[in-house]
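Below is one structure, written out as structure tokens, with a few remarks after it.
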Amino acid sequence: MSKNLLVLPGDYAGKETMAATLRVLDAVIARFSLDVSIEQGLLGGAAIDEFGHPYPEQTAQLARAADAILLSAVGGPKWDAVEPAVRPERGLLAIRSDLDLFGNLRPAILSPQLAAASSLKPELVAGLDLLIVRELTGGIYFGEPRGIHTNEKGQREGFNTYRYTDFEIERIGRVAFEAARKRQGRLCSVDKSNVLEVTVLWRDVMNELHQEYADVELSHMYVDNAAMQLIREPKQFDVMVTGNMFGDILSDAAAMLTGSIGMLPSASLDVNNKGLYEPVHGSAPDIAGQDKVNPLATILSLAMLLRYSFAESQAADAVEAAVSTVLDQGFRTGDIAVAGEDVIGTVAMTDAVINALES
Ligand code: IPM
Ligand code: MG
């Protein structure tokens, strides 16, 4: 049965990593005889330029009809002056919310070939394989009321609301427990229940759910300690589950353990595993248009898409193996090179992946 893929190219260097990944996709389709129909849409800055909105109705309709969505990084200085309600990032938040993509999987895997590229000592990170499960459509990112107003004293006051229902906590908890079950069976739930009631509830719901997943080892950690432990001894973690904002922050920290955020893919799934797949990194305006950006995070996002939304695990394995092969062969973009290593560009890295895939 034909699968319907929506491609949203993104902005700045995002466009380059998407062009690279679509070349890889062509090679995968040919090698595995996949039946995929591809539509293109716009999200973020490109959509603002074309339609005046970061998540226009045209894109929403394509996104709702798609089986899976591949997105590259959005945003950049061109839209810095745009009013906050229609900034490129709002497009990202809008599509996550519109499609109810509450389950965000952010693996932080250190390719053994890159241990020296991490800012931590190789022995602390070699073999790292951590999964952050971040709640993506609730919490303080979406809580109402929110805004900036002038209070009774005439002072300007900004406010947001941090709220979660037990329903939202339970469904992200299930994603995390299920993931832990398929891995090493250890789940660490991250909260701030010494201060915030919303996360007292979070902890309660995780404990209740644990009764259904007694085979998984559940622990709890305050978010400040979790940030410290990630840097101190990251290999203690298997799966971490946390809310939207803590997950945003911890996943960047975890990404850096792996040497480069340029290597990390992510998946955002709804209850039926329909998903949006995107690199964790941003649109890298400083190096955009210079054939410098690392395409591997977007290519690995394609691998996740093939695995979770298209159930094409062989094709997914092949893409991941091809990435591993090029690292073995010593190919490095600037972000993952250590002193003395030769650096290649986006296009050459993509050529190498396609070669590996075809051989
Ligand atoms: C991420 C990004 C987004 C987020 C921004 C761009 C809105 O940082 O995907 O982690 O905060 O979720
Ligand atoms: Mg982030």
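Values for this structure:
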{"item": "Tally of residues being buried (at least 24 other Cβ atoms within 10 Å of the Cβ) and within 18 Å of ALA337 (Cα to Cα) across segment 285-304", "result": "5"}
{"item": "Segment 255-265 - residue that is away from ligand 2 (no atom under 11 Å from the Cβ) and in a helix (DSSP H, G or I) and, of those, surrounded by the most Cβ atoms within 10 Å (Cβ to Cβ)", "result": "MET263"}
{"item": "Residues (in a helix (DSSP H, G or I) and in contact with a Gly (Cβ under 8 Å, 6 or more places away or on another chain)) located in segment 269-286", "result": "PRO285"}
{"item": "Considering residues of segment 272-303 that are out of contact with any helix residue (DSSP H, G or I) (no Cβ under 7 Å at 6 or more places or on another chain) and within 16 Å of ligand 1 (Cβ to nearest atom) only, the residue farthest from ALA68 (Cα to Cα)", "result": "GLY282"}
{"item": "Filtered residues of segment 266-304 (kept if within 15 Å of ligand 2 (Cβ to nearest atom) and out of contact with any strand residue (DSSP E or B) (no Cβ under 8 Å at 6 or more places or on another chain))", "result": "HIS281, GLY282, SER283, ALA284"}
{"item": "Condition check for GLU168: of a type in the set (Asp, Glu), touching a residue at least 40 places away in the same chain (Cβ under 8 Å) and not in a strand (DSSP E or B)", "result": "yes"}
{"item": "Which numbered condition ALA176 fails, given (1) in contact with a Gly (Cβ under 7 Å, 6 or more places away or on another chain); (2) over 30 Å from VAL293 (Cα atoms)", "result": "(1)"}
{"item": "Wholly enclosed strands (runs of 3 or more DSSP E) of segment 34-146 bearing at least 3 residues modelled with pLDDT of 95 or more and surrounded by 17 or more Cβ atoms within 10 Å (Cβ to Cβ)", "result": "68-71, 103-109, 129-135"}
{"item": "GLU16, sole failed condition from (1) crowded, with 24+ Cβ neighbours inside 10 Å; (2) touching a strand residue (DSSP E or B) at 6+ places or on another chain (Cβ under 7 Å)", "result": "(2)"}
{"item": "Options ARG183, ARG171: the member that is of a type in the set (D, E, K, R) and within 18 Å of ASN244 (Cβ to Cβ)", "result": "ARG171"}
{"item": "Residue list for segment 337-359, filter: crowded, with 16+ Cβ neighbours inside 10 Å, in contact with an Asp or Glu (Cβ under 8 Å, 6 or more places away or on another chain) and outside any loop (DSSP other than H, G, I, E, B)", "result": "THR346"}
{"item": "Among residues of segment 211-240, those that are within 16 Å of ligand 1 (Cβ to nearest atom) and either touching a residue at least 40 places away in the same chain (Cβ under 8 Å) or in the same structural domain as ILE336 (by TED's automatic domain parsing) (or both), counted", "result": "1"}
{"item": "Any chance ASP11 is at positive phi, within 18 Å of the chain's Cα centre (by Cα) and outside any helix (DSSP H, G or I)", "result": "no"}
{"item": "Residue that is farthest from GLU170 (Cα to Cα), among those in segment 232-254 that are near ligand 2 (Cβ under 10 Å from one of its atoms) and of a type in the set (D, E, K, R)", "result": "ASP252"}
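The values are calculated or read from the model by the stated rules, or taken from the named source; none is laboratory data. In this text the structure is predicted, and so the values were computed from the model without any measurement. Every residue, glycine among them, receives a Cβ derived from its backbone with ideal geometry; neighbour counts consider all protein chains shown.
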